[in-house]
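J.: I am attaching a structure below and will ask some questions about it afterwards.
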Amino acid sequence: MQSGEPSQQRRLASPRRVDPEAYEAYIKGRYYWSKRTIDGMEKGERYFQGAIDKDPSYSAAYSGLADCNSGLAWHGFKSPSEALPRAYAAARKAIEIDPESAEAHASLALVLHHRWEWAAAEAEFKRALELDPQYANAHHWYGDYLSITGRHQEALIEAQQALQIDPLNLMIGTWLGLRYYLARDYDRAIEQSRNTVDLDPNFAAAHLLLGESYVQKGLNQEGYVELQKSARLSGDSPLYLAQVAVALASAGKKTEALRIVRELLEVSKTRYVSPYGVAQIYAALHDKERTLKWLQVAFDDRAVWMTYLAVDPVFDRVRSDERFQDLLRRVDPGV
């Protein structure tokens, strides 16, 4: 079952009259975006662009275009340098067309969050929620922001509210589990991830979080099985494949984990591979020097997942190292 967010789609289009073909393209774009695979998000991009071509003053279509590019960066399919400028430009255009659009402000907030622009991101999230307290994605993404900044209880409230508004939204359900995971409540993370997998056994991100939660709980074989599924279902996202290696490393299977590192480095010659994922593998292998080396590469790359550095349990063993703390301060000067 895929949530095309029907409860929101009827509200999100601008109250002005929209070209019917543009609106139909927008709805299809949201449907494909919601799959969170590379094929789905790239198809979503094409539909949003088609909506813009039909109606160049359609704010919601620009928001959709922004969200696709944010998603391509978050899921590790495209580099931040490629995807985030497009996401930022589209979100800004959406606000320029309709300054009162909660959807547009939430899309901009997400991009700013991915770009480590912390204060500006929070301001945009709050503006989106002020404009429309029932916009589920604003609660959903703001919850992630709050988790990353260590405000776990507030994050959980936002995530629960998002799911209450849109209970069949697979990504919102998955990220409720992520709120528990980042707060180190692995039992609840596993329970919530299973709930989402039950809704759609082919949703990659839910298997990803379920696998990661198993690994952190010490259930490495169960984690490995789920992470293998997530990598396959994601369309072979290198970032997802890196989590398979984390499971192997956590189980003491160093040779197998390092084989995946070599595979990722080979893949990086032809497509984007997030250095953050490589750093996670070395952290799970308890190789502090290579962990810190790859985190520096991820910092230089402006890798999207570096926003999780303060709360990612994979890095708990190196967290006290002064070099790690220095990187953390450079990602978020407010820590």
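The values are calculated or read from the model by the stated rules, or taken from the named source; none is laboratory data. All figures in this text were calculated on a predicted structure; none of them were measured in a lab. With ideal geometry, Cβ positions are generated from the backbone for all residues, glycine too; neighbour counts draw on all protein chains shown. Ligands, DNA and RNA are stripped out before the accessible areas are found, and what is left, the full protein with its side chains, is counted by its heavy atoms. Shrake-Rupley method; radii C 1.70, N 1.55, O 1.52, S 1.80 Å.
J.: List, please: which pairs have Cβ atoms under 6 Å, are six or more places apart or on different chains, and start with a residue in the range 117-136 that is among the polar types (S, T, N, Q) and end with one that is surrounded by 15 or more Cβ atoms within 10 Å (Cβ to Cβ)?
T.: Close Cβ pairs (under 6 Å, with a partner that is surrounded by 15 or more Cβ atoms within 10 Å (Cβ to Cβ)) amount to 134/165.
J.: Also: Residues 321, 287, 316: which one is of a type in the set (Asp, Glu) and under 24 Å from residue 144 (Cβ atoms)?
T.: Of the residues listed, the single one that is of a type in the set (Asp, Glu) and under 24 Å from residue 144 (Cβ atoms) is 316.
J.: Ok, one more. Give the residues of the range 159-179 that are closer than 17 Å to residue 209 by Cβ and either part of a loop (DSSP other than H, G, I, E, B) or of a type outside the set (Gly, Ala, Ser) (or both), sorted by residue number.
T.: 160, 163, 169, 170, 171, 172, 174, 175, 176, 178, 179
J.: I'm told residue 49 meets every condition in (1) within 30 Å of residue 301 (Cβ to Cβ); (2) within 18 Å of the chain's Cα centre (by Cα); (3) modelled with pLDDT of 95 or more except one. Can you identify the failing condition by its number?
T.: Unmet for residue 49, out of (1) within 30 Å of residue 301 (Cβ to Cβ); (2) within 18 Å of the chain's Cα centre (by Cα); (3) modelled with pLDDT of 95 or more: (2).
A quick yes/no check of all residues on (1) within 14 Å of residue 314 (Cβ to Cβ); (2) of a type in the set (Asp, Glu); (3) surrounded by fewer than 19 Cβ atoms within 10 Å (Cβ to Cβ):
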{"residue": "190", "(1), (2), (3)": "no, no, no"}
{"residue": "204", "(1), (2), (3)": "no, no, no"}
{"residue": "210", "(1), (2), (3)": "no, no, no"}
{"residue": "218", "(1), (2), (3)": "yes, no, yes"}
{"residue": "230", "(1), (2), (3)": "no, no, no"}
{"residue": "236", "(1), (2), (3)": "no, yes, yes"}
{"residue": "254", "(1), (2), (3)": "no, no, yes"}
{"residue": "260", "(1), (2), (3)": "no, no, no"}
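J.: Take the residues in the range 301-310 that are of a type in the set (A, V, I, L, M, F, W, C) and assigned to a helix (DSSP H, G or I); name whichever of them is surrounded by the fewest Cβ atoms within 10 Å (Cβ to Cβ).
T.: So, considering only residues that are of a type in the set (A, V, I, L, M, F, W, C) and assigned to a helix (DSSP H, G or I), the one surrounded by the fewest Cβ atoms within 10 Å (Cβ to Cβ) is 305.
Residues are listed down the side, and each one gets a yes or a no for (1) in contact (Cβ under 8 Å) with a residue 60 or more places away in the chain; (2) surrounded by 15 or more Cβ atoms within 10 Å (Cβ to Cβ); (3) aromatic (Phe, Trp, Tyr); (4) touching a strand residue (DSSP E or B) at 6+ places or on another chain (Cβ under 9 Å):
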{"site": "257", "(1), (2), (3), (4)": "no, yes, no, no"}
{"site": "283", "(1), (2), (3), (4)": "no, yes, no, no"}
{"site": "299", "(1), (2), (3), (4)": "no, yes, yes, no"}
{"site": "312", "(1), (2), (3), (4)": "yes, yes, no, no"}
{"site": "316", "(1), (2), (3), (4)": "no, no, no, no"}
{"site": "322", "(1), (2), (3), (4)": "no, no, no, no"}
{"site": "327", "(1), (2), (3), (4)": "no, yes, no, no"}
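J.: Next up: So for the range 127-135 (the condition being surrounded by 21 or more Cβ atoms within 10 Å (Cβ to Cβ) and not in a helix (DSSP H, G or I)), does at least one residue qualify?
T.: Within the range 127-135, one or more residues are surrounded by 21 or more Cβ atoms within 10 Å (Cβ to Cβ) and not in a helix (DSSP H, G or I).
J.: Restricted to the range 29-46, and to residues that are in contact with a Gly (Cβ under 7 Å, 6 or more places away or on another chain) and assigned to a loop (DSSP other than H, G, I, E, B), which residue is nearest to residue 271 (Cα to Cα)?
T.: For the range 29-46, the residue satisfying everything is 37.
J.: Right, another one. Can you say whether residue 241 is open to solvent by 20 Å² or more (accessible area, probe 1.4 Å), of a type outside the set (D, E, K, R), touching a Leu at 6+ places or on another chain (Cβ under 9 Å) and part of a helix (DSSP H, G or I), as far as the supplied structure shows?
T.: Working: open to solvent by 20 Å² or more (accessible area, probe 1.4 Å): yes; of a type outside the set (D, E, K, R): yes; touching a Leu at 6+ places or on another chain (Cβ under 9 Å): yes; part of a helix (DSSP H, G or I): yes.
Yes.
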